[in-house]
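Novice: The structure under discussion is supplied below as structure tokens; questions concerning it will follow.
The values are calculated or read from the model by the stated rules, or taken from the named source; none is laboratory data. As the structure is a computational prediction, the values presented were derived from the model and not from experiment. All Cβ positions, even for glycine, are placed from backbone atoms using ideal geometry, and neighbour counts span all protein chains on display.
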Amino acid sequence: MSRVLFLLVSFFPAVITAYAGGKPGAKQGLMDLTRISWQRNTTVELNGEWEFYWEELLTPKDFEHREAGQVFIQLPSLWNDQQLTAQSYATYRLRVYINDNAGSLALLAPNVYTSYRLFIDGELRAQDGVVSEQKETAKPEWRGDLVFLASPKDTIEIVLQVSNFDHYRGGVHKPFILGSAQGVLRNREILIISDMLLVGGLLVLAASFLVFYSYRLNMLQCLYFGLFCLFWAIRSLVTHVYVINHLYPTMEWSVALRIEYMALYISFLMAILFIHKVFHYNNRLLTALMVIINFLFIASVMVLPTTFFTALLNGFFTFAGVSLLNCFYVIVMAILRKQKEAWFSATGILIGLIIFVVEFFGYNLFLPVNLVYLNLAYLTVFFVNGLVLIYGFVKAYQQVEQLESEKSALFKSIRR
């Protein structure tokens, strides 16, 4: 038990990336980074107060003959949290002061809700989708981009146009990151590699247990766990760094979004069925109710417009939290029945509950999340729960061996 608690305590602070005191922040549209020494791995999140021009799409030329605005907004933040309409458009502006010998820098532009145009020092340097004042001409896209600044001036002007007509949430929900070219590239590569390791590990687990199920069709828990791993792997390809959008840039945004949500809902459904099957949960009515609610979420993704079904995600988080508590109860009861393998799932579910809380608060911008440690935590949950099935296989094999031994001893006694 002490090892379990140690594992949980070590995961929680790792998954959360706390803001250390003293980090620079933008104030009233200005950010002073002149004291930053741009070493190889130096990166700075451009968080803080950006100039904000609501329902205006301004270009750098527009700022040549107008004074800086007096309205500022915190980045990252959502329009929904500012009592603004989520389906609209706006312009952000930030001026960053750097030292003369900064060298080659890079800016990592994340995806936003749901399209943007990024100007740096008067030039259009990156674009996701089509920014527009009207829904008919706007086009959402999630890819993000990396902009290299070979010889930046001592003042970098960033102008960001954002529009959203296709998602329940609007605004900029992730930080823009400025740093040395090597540092920004390294951070981006680490995120992609961690996503690929998670996907690869999940696909190995999925293939192993689905193949085993094909030989033992009565082992439904192997089917549920294999599908759980498979659909979470699919979800991992279409979320966080959106690897699928880089591999298939022609894929429609709405298609990738529906895949992401459906993979989340289906994998969660498989997790519930897996826990209930492995630990012999007998409340069929409650199990059926959870399945029906999950299917309603899946159906919403299939039939509703994107602005409607994305609004249901916080409702799903509530349902998921209740379901995880139910799963924890099922596992505790199994422990009381002295099912030794239940300790594996107990560890996995406790880590899963922590991840659930972290992702919920991260999704709602209450705290920043370290995606590398988050992926590691997810992989741990899956491998620990996979040990439940492996333990069951070993236990069944030992029972077969014991029966064979007793059978052999019985035949020997009969022959005598």
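Novice: Run Ser236 past the list (1) surrounded by fewer than 21 Cβ atoms within 10 Å (Cβ to Cβ); (2) under 20 Å from Ile259 (Cβ atoms); (3) of a type in the set (Ser, Thr, Tyr) and report the number of the one that doesn't hold.
Specialist: The failed condition is (1).
Novice: When the stretch 232-258 is examined, which residues are found to be over 15 Å from Asp195 (Cβ atoms) and in contact (Cβ under 8 Å) with a residue 12 or more places away in the chain? Give the steps one after another, and end with the answer.
Specialist: Our first condition is that a residue be over 15 Å from Asp195 (Cβ atoms); within the stretch 232-258, this holds for 248-255, 257-258.
Those that are over 15 Å from Asp195 (Cβ atoms) and in contact (Cβ under 8 Å) with a residue 12 or more places away in the chain: Pro249, Trp253, Ser254, Leu257, Arg258.
Novice: Within the stretch 129-161, count every residue that is acidic (Asp, Glu) and farther than 24 Å from Ser180 by Cβ. It would help to see each step written out before you state the result.
Specialist: From the stretch 129-161, those acidic (Asp, Glu) are 133, 136, 141, 145, 154, 157; that's our starting set.
The next check asks that each one be farther than 24 Å from Ser180 by Cβ; those that pass are 133, 136, 141.
Summing the residues that are acidic (Asp, Glu) and farther than 24 Å from Ser180 by Cβ in the stretch 129-161 gives 3.
Novice: Being over 26 Å from Leu203 (Cα atoms), surrounded by 16 or more Cβ atoms within 10 Å (Cβ to Cβ) and either of a type outside the set (Gly, Ala, Ser) or in the same structural domain as Gly201 (by TED's automatic domain parsing) (or both) is true for just one of Pro305, Pro368. Which residue is that? Before you say what the answer is, go through the steps one by one.
Specialist: Values: Pro305 fails: surrounded by 16 or more Cβ atoms within 10 Å (Cβ to Cβ).
The unique qualifying residue is Pro368.
Novice: Shifting gears a bit: Pick from Ala126, Ala106, Ala90: which is outside the structural domain of Tyr248 (by TED's automatic domain parsing), assigned to a strand (DSSP E or B) and more than 22 Å from Val44 (Cβ to Cβ)? Lay out the reasoning, then the answer.
Specialist: Numbers: Ala126 fails: more than 22 Å from Val44 (Cβ to Cβ); Ala106 fails: more than 22 Å from Val44 (Cβ to Cβ).
Only one candidate passes the filter, namely Ala90.
Novice: Cβ-Cβ under 9 Å, sequence separation 6+ or interchain: first residue in the stretch 321-334 and within 11 Å of Leu286 (Cβ to Cβ) and in the same structural domain as Ile293 (by TED's automatic domain parsing), partner buried (at least 21 other Cβ atoms within 10 Å of the Cβ) and polar (S, T, N, Q). Which pairs?
Specialist: These pairs meet every condition: Ser323/Asn294; Val330/Ser345.
Novice: Would you mind stating whether Phe297 is touching a Leu at 6+ places or on another chain (Cβ under 9 Å) and either modelled with pLDDT of 90 or more or more than 25 Å from Ala233 (Cβ to Cβ) (or both)?
Specialist: On the way: touching a Leu at 6+ places or on another chain (Cβ under 9 Å): yes; either modelled with pLDDT of 90 or more or more than 25 Å from Ala233 (Cβ to Cβ) (or both): yes.
Here the answer is yes, as Phe297 does meet what is asked.
Novice: Could I ask something else about it? Assess whether Gly201 counts as being in the same structural domain as Val96 (by TED's automatic domain parsing) and in contact (Cβ under 8 Å) with a residue 60 or more places away in the chain.
Specialist: Values: in the same structural domain as Val96 (by TED's automatic domain parsing): no; in contact (Cβ under 8 Å) with a residue 60 or more places away in the chain: yes.
When the stated conditions are applied, Gly201 does not pass them.
Novice: Same structure again: For the stretch 129-152, give me each residue that is in a loop (DSSP other than H, G, I, E, B), modelled with pLDDT of 95 or more and hydrophobic (A, V, I, L, M, F, W, C).
Specialist: Across the stretch 129-152, the qualifying residues are Val131, Ala138.
Novice: For the stretch 54-87, which residues satisfy the criterion of being over 31 Å from the mean Cα position of the chain (by Cα) and part of a helix (DSSP H, G or I)?
Specialist: Result: Pro60, Lys61, Asp62, Phe63, Glu64, His65.
Novice: Does the stretch 335-350 include one or more residues that are modelled with pLDDT of 70 or more, surrounded by fewer than 17 Cβ atoms within 10 Å (Cβ to Cβ) and either acidic (Asp, Glu) or assigned to a helix (DSSP H, G or I) (or both)?
Specialist: For the stretch 335-350, residues modelled with pLDDT of 70 or more, surrounded by fewer than 17 Cβ atoms within 10 Å (Cβ to Cβ) and either acidic (Asp, Glu) or assigned to a helix (DSSP H, G or I) (or both): present.
Novice: Still on this structure, please answer the following. Name the residues in the stretch 335-361 that are among the aliphatic types (A, V, I, L, M) and touching a residue at least 12 places away in the same chain (Cβ under 8 Å), would you?
Specialist: First, the residues of the stretch 335-361 that are among the aliphatic types (A, V, I, L, M): 335-336, 342, 346, 349-351, 353-355, 357-358.
Scanning the stretch 335-361 gives Ala342, Ala346, Ile349, Leu350, Ile351, Leu353, Ile354, Ile355, Val358.
Novice: Can you tell which of Tyr97, Tyr113, Tyr92 is touching a Leu at 6+ places or on another chain (Cβ under 7 Å) and within 27 Å of Tyr168 (Cα to Cα)? Show your work before the answer.
Specialist: On the way: Tyr97 fails: within 27 Å of Tyr168 (Cα to Cα); Tyr113 fails: touching a Leu at 6+ places or on another chain (Cβ under 7 Å).
Sole residue among the options that is touching a Leu at 6+ places or on another chain (Cβ under 7 Å) and within 27 Å of Tyr168 (Cα to Cα): Tyr92.
Novice: If you don't mind, there's one more thing I want to ask. Quick one: Arg169 ticks every box in (1) out of contact with any strand residue (DSSP E or B) (no Cβ under 9 Å at 6 or more places or on another chain); (2) touching a residue at least 60 places away in the same chain (Cβ under 8 Å) except a single one, so which number is it?
Specialist: Evaluating Arg169 over (1) out of contact with any strand residue (DSSP E or B) (no Cβ under 9 Å at 6 or more places or on another chain); (2) touching a residue at least 60 places away in the same chain (Cβ under 8 Å) leaves (1) as the failure.
Novice: Does at least one position in the stretch 112-134 carry a residue that is aromatic (Phe, Trp, Tyr) and within 21 Å of Lys23 (Cα to Cα)?
Specialist: The first filter runs over the stretch 112-134 and keeps only residues aromatic (Phe, Trp, Tyr), leaving 113, 116, 119.
In the following step, the residues that additionally are within 21 Å of Lys23 (Cα to Cα) were identified as none.
No; the residues of the stretch 112-134 include none that is aromatic (Phe, Trp, Tyr) and within 21 Å of Lys23 (Cα to Cα).
Novice: Right, next: Can you tell me which residues in the stretch 153-183 are in a strand (DSSP E or B) and of a type outside the set (A, V, I, L, M)?
Specialist: Pass one, the stretch 153-183, residues in a strand (DSSP E or B): 155-164, 171-172, 177-180.
Scanning the stretch 153-183 gives Thr155, Glu157, Gln161, Ser163, Asn164, Gly171, Gly179, Ser180.
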